[in-house]
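Heads up: the structure comes next, in C-alpha cells.
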Amino acid sequence: MYHQMLGRNSFSFKNLKVLLAKATPERSGDQLAGVAAENAEERIAAQLCLAEVPLQAFLEEPLVPYEEDEVTRLIFDTHDREAFDKVSHLNVGEFRNWLLSDERSSQELLDLAPGLIPEMVAAVSKLMRNQDLITVARKCQVITQFRNTIGLSGRLATRLQPNHPTDDLKGVAASLLDGLLYGCGDAVIGINPVTDNPQVMTDILKMVDELRQRFDIPTQSCVLGHVTTQLEALKLGAPVDLIFQSIAGTEAANRSFGINLRLLQEARGAALALGRGTLGHNVMYFETGQGSALSAEAHHGLDQQTCEARAYAVARHFKPLLVNTVVGFIGPEYLFNGKQIIRAGLEDHFCGKLLGLPMGCDVCYTNHAEADQDDMDTLLTLLGVAGCTYFMGVPGADDIMLSYQSTSFHDMRYLRSVLNLRPAPEFEEWLLRLGITNEAGELNKIDFQNPLIRSLPEFTA
Amino acid sequence: MPYEDNEIDQNPGPAGPIVPLTGPGLDPAVIENPWQALRRFTPARIALGRTGHSLPTRELLEFQLAHAQARDAVYAEYDPALLSRQLQERGYPVLQVHSQAGDRKTFLLRPDMGRRLAPESRQLLQKYAAQGNPPPGLLFVLGDGLSAQAIHRHAVAVLDQTALALKAEGWETGPVVIASQARVGLGDEIGQVLGAEQVAILIGERPGLSAADSLGIYLTYNPYIGRLESERNCISNVRPEGLVYEAASSSLIDLAKRARLFKFSGVRLKDQPG
C-alpha cells in the first residue's frame with residue numbers, strides 16, 4: 001500500500017500497479033479500462049508517491065505474475081543485475097534527475113539498458129514532461145545493421161510503405177518508385193498485404209527484391225503479414241530479408257496475435273539461416289502500440305503505457321533491426337486526441353530507446369480521432385528533435401489500404417531539411433549515385449534520363 | 001525499353017483536381033514529377049510534385065478536403081425517423097433503439113456502451129418479443145456506426161434486395177431495427193432479445209480519405225451478448241464505387257443460407273465447402 005498526503009487530503013494506492021496507472025498522464029484508454037486517476041490532483045499525488053519508490057521495488061513486485069506470463073519471465077530471467085548496479089540505489093524521482101544530468105553519456109545509457117526493466121522505464125517516463133522525454137531519448141544511440149546502417153547520429157531513416165488495396169504488384173511498384181524518387185526507403189521497404197497468404201507475400205517480395213538487386217539499392221524489404229505466413233513464404237523460397245510481427249506486452253495479448261516467444265525465436269532462426277544481411281544480422285522488425293493489450297482484454301489491470309513498455313522487452317530479446325510504435329492507429333477510445341497521441345508517441349520513443357531499441361514511430365491517426373495533419377507535424381518535429389530512428393513514408397500521407405493517415409515522403413524531406421538529417425550512409429551514397437539527391441542531400445529535379453524513370457515500362461508493362 | 005518523353009506527358013493521371021488552382025506545369029514554383037503516368041496503376045497519392053520540400057497548394061488542399069469530409073461524416077446526424085418512413089413505405093415493421101452511448105463523444109470513447117442497449121430500448125424489444133411475433137430467421141439491424149451517411153445512402157437498398165429475395169424463399173425477417181450510436185456488437189443483444197436465428201447489422205464503416213460512406217455488413221448466427229468477432233462474417237466497402245449493392249446482397253444471402261445449414265457463422269464458415 002502506498003500513501004500520499006496533500007494538505008488535508010490523503011491518497012492511497014493499493015499496489016505498484018495501481019500507483020503506476022494513477023500516475024499516468026490522462027488518456028482515454030486508461031479511463032476505458034477504469035484504471036486512470038479520478039482527477040488531476042490524484043494523478044499528481046500518485047506521481048509524488050511514485051517518485052519515492054525505489055527502482056529496486058520493481059524487481060521485488062512483478063506487476064504481472066511470473067508464473068502466469070512468459071513476458072514477465074523473460075523480463076526477470078534476462079535482467080542484468082550488474083548493469084543495474086549503477087542505478088540500484090535510486091528511487092524513481094532520483095532516476096529522472098540522474099537521466100537528465102549533464103554527466104550522462106550516450107555510452108553510459110546504452111550500457112545501462114540491459115539493467116533496466118520496462119516497468120522502471122515506464123515509471124520514470126510518467127514523471128517526465130515532453131521535453132524531458134526528448135532530452136534523454138536524444139542522448140540514446142542504438143545502431144543496427146542489415147544491408148545498411150540504421151540509427152547513427154545526425155541520420156534519419158524512412159520506411160517506404162507502398163501499400164495497395166488489392167496487393168496489385170504494379171500498384172505497389174508505382175508507389176515504391178515514387179518513394180525512392182523522394183529519397184525514402186532506407187529503413188525498409190515494407191508492405192502491409194491485404195491478403196495474409198504466402199503466395200501473395202512471395203510475389204510481392206520477389207518483385208521488390210528484383211528491383212533492389214537491379215538498382216543495387218542498399219536496403220531491405222519486408223511484407224508485414226503474420227509471422228507464420230512469412231515462415232511459409234520463406235519455405236516457398238521467398239526472398240525474406242526481415243521477419244515482421246506485431247507484438248504486445250503480455251503473454252495473453254501476444255496469444256491474441258497468434259504468437260509466443262518460441263515462435264518468434266523460430267522465425268528469427270529461419271531468417272538468420274538465409275544469411276541475406278550483408279553488413280549485419282538484425283533480422284527482426286516489430287510494431288507495437290499502446291492499447292493493444294487492453295483491446296485483447298489481456299492487460300492484467302496495468303495502464304496501457306506500462307503494457308507498451310513491456311512489449312519492448314519482447315522486442316529487444318530478438319535484436320531487431322527496427323521497432324516502431326503505431327501510435328495513433330488504435331483509435332480515440334485509447335488515445336483520444338492530438339495531445340494524447342503526441343504524448344504517447346514521445347513516451348514510446350523514450351521507453352524504447354532507453355531499453356536499447358532502434359525505435360522509430362508511425363506518426364499517425366484515424367478519422368474518428370480528434371487529430372489532424374497539424375498534430376502529426378508537431379509530433380513528427382518533436383520526435384525528429386528527439387532523434388527518432390525512422391518514420392513512415394506513405395504517398396501523400398494517405399494509406400489507401402489501411403485507411404489511416406501517416407507521414408508522407410514530403411514529410412521526410414521536410415524533417416531532413418529543417419533538422420539537417422541525412423539518410424543511412426549507404427543509402428545516401430546510392431541516392432547520390434542515382435542522381436536523386438545532390439551532395440547537400442537536397443532532391444534533384446528528376447528528368448527522363450534518370451535510370452529509375454527509364455526503367456518504368458519494365459515494372460509497369 | 002525507355003519511355004518516350006511525350007508518352008509520359010500524354011498521361012496526366014486520374015481525373016482532374018477538385019480544387020481549381022493553377023493547373024499542372026503553370027506555377028513556376030512547383031516542381032512537377034515526370035512519373036505521373038504511374039498514377040494509372042494506383043489510387044495512392046503519388047507524383048504530387050513539390051515546392052521546396054512541401055506539397056504544392058492544390059495537393060495540400062485536396063487532402064484537407066478529403067479529411068474534412070471524413071471528419072464531417074463521423075459527426076453527421078443520424079436520421080432514424082427518415083429511415084423509418086422509408087422502410088415503412090416499403091412495408092417493413094420498424095423498431096427504433098438506442099445504445100447506452102448517449103452522444104457521439106461517449107460513443108467514440110466507450111465502445112463497450114455502444115455494444116449494449118439502453119434500458120428503455122431493451123424493454124421495447126422485450127415487449128415486442130412477448131407479443132407472440134414469430135422469431136426472425138434473419139433479423140436486419142441498421143446501425144449508424146462511424147458513418148450515418150453510409151446508412152442513409154445505401155442501407156435501405158441493400159436491405160430491400162436481400163429481404164425480398166429471402167422472403168420469396170420463405171425466410172422470416174421480422175421487424176427492421178434502427179439503432180443509434182451503435183457498434184457491431186449491439187446486434188448481438190438485439191438479436192438475442194428478439195430470439196433471432198441470425199442477425200445482419202448494416203453499419204457505417206470508419207470514414208477513410210477516399211470514401212466517407214462505406215457500408216459494412218456483419219452476419220452473426222445465434223446472436224447473444226459476448227459473441228466474438230471471429231464468430232461473425234463481414235462484407236466490407238459496400239457502396240456504388242466499391243462492392244455494389246447486388247454483389248453485397250447476394251454475398252449476404254449466400255452467407256445466411258450457409259450459416260443456417262452449418263448452424264454457425266464466422267471464420268469457420270469461410271472454410272466450409274460449397
Would you mind stating whether A:T366 is among the hydroxyl-bearing types (S, T, Y) and open to solvent by 10 Å² or more (accessible area, probe 1.4 Å)?
no
Residue set A:I134, A:I150; condition open to solvent by less than 10 Å² (accessible area, probe 1.4 Å), among the β-branched types (V, I, T) and touching a Phe, Trp or Tyr at 6+ places or on another chain (Cβ under 9 Å); output residue A:I150
For the range A:66-121, give me each residue that is in a loop (DSSP other than H, G, I, E, B), touching a residue at least 40 places away in the same chain (Cβ under 8 Å) and either acidic (D, E) or within 21 Å of A:A253 (Cα to Cα) (or both).
A:E68, A:D69, A:T78, A:I117
Go through (1) open to solvent by 10 Å² or more (accessible area, probe 1.4 Å); (2) within 14 Å of chain B (Cβ to nearest Cβ) and name the single condition A:L211 misses.
(1)
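Could you say which residue among A:G115, A:G93 is touching an Asp or Glu at 6+ places or on another chain (Cβ under 7 Å) and open to solvent by 10 Å² or more (accessible area, probe 1.4 Å)? Write out each step before concluding.
Working: A:G115 fails: open to solvent by 10 Å² or more (accessible area, probe 1.4 Å).
Selected residue: A:G93, the only one of A:G115, A:G93 that is touching an Asp or Glu at 6+ places or on another chain (Cβ under 7 Å) and open to solvent by 10 Å² or more (accessible area, probe 1.4 Å).
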Go through the range B:207-233 residue by residue and tally those that are out of contact with any His (no Cβ under 8 Å at 6 or more places or on another chain) and within 14 Å of chain A (Cβ to nearest Cβ).
10
Would you mind finding the one in A:L380, A:L432 that is open to solvent by 10 Å² or more (accessible area, probe 1.4 Å) and free of Cβ contacts under 8 Å to residues at least 40 places away in the same chain?
A:L432
Selection count, the range B:240-274, where residues are touching a helix residue (DSSP H, G or I) at 6+ places or on another chain (Cβ under 6 Å) and under 29 Å from B:A70 (Cβ atoms):
4
Which of the residues spanning the range B:217-263 are of a type in the set (F, W, Y), surrounded by 15 or more Cβ atoms within 10 Å (Cβ to Cβ) and without any contact (Cβ under 8 Å) to a residue 60 or more places away in the chain?
B:Y218, B:Y221
Being closer than 22 Å to A:K353 by Cβ, in a helix (DSSP H, G or I) and either of a type in the set (S, T, Y) or more than 24 Å from the chain's Cα centre (by Cα) (or both), is that true of even one residue in the range A:34-45?
no
Do you know which of the residues in the range A:375-396 that are within 29 Å of B:R58 (Cβ to Cβ) and of a type in the set (A, V, I, L, M, F, W, C) is nearest to the other protein chains (Cβ to nearest Cβ)?
A:V394
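Tell me which helices (runs of 4 or more DSSP H) are completely within the range A:350-461 and hold 3 or more residues being within 16 Å of A:Q161 (Cβ to Cβ), or say none if there are none.
Working: elements: A:373-385, A:409-418, A:425-433, A:451-454, A:456-460.
Counting at least 3 such residues, we get A:409-418.
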Just for helices (runs of 4 or more DSSP H) wholly inside the range B:33-138: which have at least 1 residues that are β-branched (V, I, T) and either under 26 Å from A:N450 (Cβ atoms) or facing chain A (nearest Cβ under 8 Å) (or both)?
B:57-75
What is the residue count in the range A:290-303 for residues that are open to solvent by 10 Å² or more (accessible area, probe 1.4 Å) and under 15 Å from A:L20 (Cα atoms)?
3
Selection status of B:V177, part of a loop (DSSP other than H, G, I, E, B), closer than 23 Å to B:A101 by Cα, among the hydrophobic types (A, V, I, L, M, F, W, C) and open to solvent by less than 50 Å² (accessible area, probe 1.4 Å)
no
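Does any residue of the range A:169-176 turn out to be within 14 Å of chain B (Cβ to nearest Cβ) and open to solvent by 30 Å² or more (accessible area, probe 1.4 Å)?
Within the range A:169-176, the first condition is being within 14 Å of chain B (Cβ to nearest Cβ), and the residues that meet it are A:169-176.
Pick out the ones that are also open to solvent by 30 Å² or more (accessible area, probe 1.4 Å) and you get A:169-170.
Yes.
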What number of residues in the range B:197-213 are in contact with a Pro (Cβ under 8 Å, 6 or more places away or on another chain) and open to solvent by less than 10 Å² (accessible area, probe 1.4 Å)?
2
Given A:F409, A:F448, which one is under 27 Å from A:F215 (Cα atoms) and either more than 9 Å from every other protein chain (Cβ to nearest Cβ) or surrounded by fewer than 20 Cβ atoms within 10 Å (Cβ to Cβ) (or both)?
A:F448
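Would the range A:300-314 turn up any residue that is among the basic types (K, R), assigned to a loop (DSSP other than H, G, I, E, B), over 21 Å from B:L108 (Cβ atoms) and under 14 Å from the mean Cα position of the chain (by Cα)?
Taking the range A:300-314 first, the residues among the basic types (K, R) are A:310.
Then drop every residue that is not assigned to a loop (DSSP other than H, G, I, E, B), which leaves none.
No - not one qualifying residue is present in the range A:300-314.
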Looking only at the range B:103-126, decide whether some residue is open to solvent by less than 10 Å² (accessible area, probe 1.4 Å), in contact with a Lys or Arg (Cβ under 8 Å, 6 or more places away or on another chain) and of a type in the set (A, V, I, L, M).
no
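Determine which member of the set B:D160, B:D188 is under 17 Å from B:R227 (Cα atoms), under 18 Å from the mean Cα position of the chain (by Cα) and touching a residue at least 40 places away in the same chain (Cβ under 8 Å). Walk me through how you get there before you give the answer.
Working: B:D160 fails: under 17 Å from B:R227 (Cα atoms).
Exactly one of B:D160, B:D188 is under 17 Å from B:R227 (Cα atoms), under 18 Å from the mean Cα position of the chain (by Cα) and touching a residue at least 40 places away in the same chain (Cβ under 8 Å), namely B:D188.
Output the residues belonging to the range A:318-352 that are open to solvent by 10 Å² or more (accessible area, probe 1.4 Å) and within 14 Å of A:C388 (Cα to Cα).
Step one: filter the range A:318-352 for residues open to solvent by 10 Å² or more (accessible area, probe 1.4 Å), giving A:319, A:326, A:329-330, A:333-334, A:336-337, A:339-340, A:342-343.
Answer for the range A:318-352, where residues must be open to solvent by 10 Å² or more (accessible area, probe 1.4 Å) and within 14 Å of A:C388 (Cα to Cα): A:V326, A:I342.
The values are calculated or read from the model by the stated rules, or taken from the named source; none is laboratory data. These numbers come from a predicted model, not from an experiment. Positions of Cβ are generated from backbone atoms using ideal geometry, with glycine treated the same way; all protein chains shown enter the neighbour counts. Just the protein is used for accessible areas: all its heavy atoms, side chains included, with ligands, DNA and RNA removed. Shrake-Rupley method; radii C 1.70, N 1.55, O 1.52, S 1.80 Å.
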